[in-house]
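Here the structure comes first, spelled out in structure tokens, and everything after it is commentary.
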Amino acid sequence: MTASKKKIAGKAKARKNQYDSAWKKIIRELFKYFLEFFFPDIYRAIDFSRGVIFLDKELNEDGPDSAVGNREADILVKVHLRDGVAQIVYIRIIIHIEVQGQPHKDFMERMLIYNLRAFNAEKGEKVPVISLAVLTDDDDNFRPTEYKSGLLGFELRMKIPTVKILDFKLKQEFIERMKDTANPMSIVVQPQLKSLEVKTRED
């Protein structure tokens, strides 16, 4: 690789790191609003009065056998669910949230690896882990939701809830969600949509 190409690649990586950091900060500071806006069913299942604990720092350092290199899981949060009609039953879970800015063929494989790593980190307590994804790219065809693998009678399947930012421009149910809402995440989505429009015009 030439020096100029290395410089371009370095700048692209720096922009991506800034982008990832911005989303991390948003999700950490507006976690309740994030879930309410993007994943309302999950939001309604959580008892926020019990507090939330961010765990992603626990996965920052990869061991020598790590399959995902030096990358951090985007956000890892421990919460309490509420369930039951006659009484409240508190169930602890870990939510792993990934924000993906570019189509990637191995995205679901990476999601599986992070899900298993998060579960392994809390395996002493047997805390289940759910993975969520927010897709911020401009490719309408990139909509990964499922990982499947099978051989000789063995089967492995993981399906994750995903939200595509592009849908807030393309699909009526998402467009309606943007209207008349006081949720601050709508303010976050608007410049994302503007950025996608500009990129589409440039292409």
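The values are calculated or read from the model by the stated rules, or taken from the named source; none is laboratory data. Because the structure is predicted, anything quoted here is derived from the model rather than measured. Counting neighbours? That spans all protein chains shown, and the Cβs are built from the backbone with ideal geometry, glycine included.
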Fill in: the stretch 37-51, residues that are over 14 Å from the mean Cα position of the chain (by Cα) and of a type outside the set (G, A, S)
P40, D41, Y43, R44, I46, D47, F48, R50
Worksheet item: Does the stretch 160-194 hold any residues that are loosely packed, with under 13 Cβ neighbours inside 10 Å and of a type in the set (G, A, S), and which are they?
Response: A182
Worksheet item: Does S149 count as more than 18 Å from the chain's Cα centre (by Cα) and of a type in the set (S, T, N, Q)?
Response: yes
Worksheet item: Any chance the stretch 6-29 includes a residue that's modelled with pLDDT of 90 or more, of a type in the set (D, E, K, R) and either part of a loop (DSSP other than H, G, I, E, B) or exposed (fewer than 10 other Cβ atoms within 10 Å of the Cβ) (or both)?
Response: no
